[in-house]
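Below: one structure, written as structure tokens.
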Amino acid sequence: MSIWTTVPLSFILLTGGVFAQSAPASPDHPAQFAGEREIEDFAKQLVSSGFSLQQDQTYTLSELVNLAEEHNPATRVAWQAARAQMAALGVARSELYPTVAAVALSQTNRSEVLFGNQFDRQTVQSFSGALDLNYTIFDFGGRAGRIAAARSDLLAANFAFNDTHRKIIYEVTEAYDRLLNAIGQVEAARASLKNAQTVQQAAEDRLNSGLATLPDVLEARGAAAQAQYDLQAALGVEKNTRGDLASALGTRPTDAIRVQPIDELPITETLDDSVDQAMERSFEQRPDLMQQVTEVRRANASVKEARASFYPALSVTATPNAQSLYGLQQQLPWAHTGGLTGELELNLRWALFDAGARKNHLAQAQANLRGAEASVSVAGDNIADEIWKAYSNLETALGQRQAAAALLGPANQSYAAALESYNDGVRDLLDVTAAQASLAHARSADMLARGQILSSLAELVFETGDLKQPKARRPKP
């Protein structure tokens, strides 16, 4: 056994234990295995967040969107995907140029040569350097098809990058609007609790004065407990919504996020555009639709490449070789020679028979093209349906807002009148608690209606693709 086979075998034997890995020994408990701690430490580095919010700052929606676009890791994923496709386009374009490889070789050959009736030792030392140049002169559009396909992939990656930003903006906006609604619901629940406690105190006072019965007090206590329960539920929703917003921003849910109260935000009361105008705008600027269109272009390029395979391809290969030889024969002086050698080759390759492979490749490419065109039509229909639903939701939210505003005023007056009449002994406690419950419902409906307008408007501009535009048509806090 030579040394060149012994060394690699020894290396494998020595390192086998280092890279050895095995499956868990049994299925009944978690396994401890080599490399576990290393992977866990590496995971901590990858998921660690170096971004935190200012605890004393009240953020507007536009500020939160800017933070999300800068720190949400989804944007970096899409950006790197686009950069990878740009590199793939460079690889495809490189086919237009020749390839040149340099080879350097040094070799010593010692042998015993039979000369006459004896063997003479002969030593030959060679040095050579060569260039290998290969260039495809023409291929009837094969390279052009691959370049066009790579360019379409890059366009698709760029549109996907823009669509990632559109989705992140909507995710932040939607979570922001839900948080405003949750905060409003908490405020409404606190006001309802205060009203319920006021009614309870009035019942307690009347009981102490002998003007009320114990069932009345128990009824008031139950209403106050229900209001406290509703407040805790609203607080839980608010906490969860803050976590959703933090996730959209790319930070930890433990960071406190201070936002503007919903009362400080302008609430739109009318629709600026018709549903047809919204649809037309979406067809022009939705990045996911444009991404589907690039698939059609890529399919066209694949058809072009498939057709080129029916024709010959001509390439040239040039290999210049500079060589220097030194020879030594026993009892003779050194001999030397050198020169420039090489070869030039033209290669015309034309597949005459391939059992229908090219024909089927072309048919496949054409079917993919027709499928891509149909997918664009399907995407357009889906977008039109999404716009219609979003537009209808916004119209419904505007109508609900008007109804809720009309409900809140009378509910306030009814509660105040019922409480005053109860204190005067004219009304019973059931009337007061009913009025208090109606007021709590009216407050919650008013907050919900305002939040629903913001959410529906955000959904509409998301579906139209306006969110990614510099002058996005969305609520401006």
Quickly run through the range 325-363 and pick out the residues that are assigned to a strand (DSSP E or B) and of a type in the set (A, V, I, L, M, F, W, C).
L325, L328, A335, L340, L344, L346, L348
Somewhere in the range 67-89, is a residue surrounded by fewer than 13 Cβ atoms within 10 Å (Cβ to Cβ), of a type outside the set (K, R) and in a loop (DSSP other than H, G, I, E, B)?
no
Can you tell which of D230, D272, D244, D216 is in contact (Cβ under 8 Å) with a residue 40 or more places away in the chain and over 30 Å from L61 (Cβ atoms)?
D216
Would you please list the contacts, defined by Cβ atoms under 9 Å and residues six or more apart or on different chains, that run from a residue in the range 328-342 that is without any contact (Cβ under 8 Å) to a residue 60 or more places away in the chain to a residue that is of a type in the set (D, E, K, R) and surrounded by 10 or more Cβ atoms within 10 Å (Cβ to Cβ)?
L332/D120
Within the set of pairs 6+ apart or on separate chains, which have a first residue in the range 108-134 that is in contact (Cβ under 8 Å) with a residue 24 or more places away in the chain and hydrophobic (A, V, I, L, M, F, W, C), a second that is surrounded by 11 or more Cβ atoms within 10 Å (Cβ to Cβ) and outside any strand (DSSP E or B), and C-beta atoms under 8 Å apart?
L133/P98
Which residues, taken from the range 238-280, are more than 29 Å from the chain's Cα centre (by Cα) and outside any helix (DSSP H, G or I)?
P261, L265, P266, I267, T268, E269, T270, L271, D272, D273, S274
Report yes if some residue within the range 145-156 is more than 22 Å from R450 (Cα to Cα) and among the acidic types (D, E); otherwise report no.
yes
Checking the structure you have, find out if any residue of the range 154-171 is of a type outside the set (G, A, S), more than 21 Å from the chain's Cα centre (by Cα) and buried (at least 20 other Cβ atoms within 10 Å of the Cβ).
no
Out of all the residues in the range 431-448, is one or more surrounded by fewer than 23 Cβ atoms within 10 Å (Cβ to Cβ), under 31 Å from the mean Cα position of the chain (by Cα) and assigned to a helix (DSSP H, G or I)?
yes
Please determine, by comparing only the residues of the range 90-115 that are among the charged types (D, E, K, R) and not in a strand (DSSP E or B), which one is farthest from L314 (Cα to Cα).
R93
Just wondering, is there one or more residues in the range 305-318 that are aliphatic (A, V, I, L, M), over 24 Å from W350 (Cα atoms) and crowded, with 16+ Cβ neighbours inside 10 Å?
no
Report, by residue number, each residue of the range 194-205 that is more than 17 Å from L408 (Cβ to Cβ) and surrounded by 21 or more Cβ atoms within 10 Å (Cβ to Cβ).
A196, V199, Q200, A203
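Bear in mind that the values in this text are calculations on the coordinates, not laboratory data. Note that the structure is a prediction, hence the values are computed from the model and not measured. Quick reminder, even Gly has a Cβ in these numbers, built from the backbone with ideal geometry, and neighbours come from all protein chains shown.
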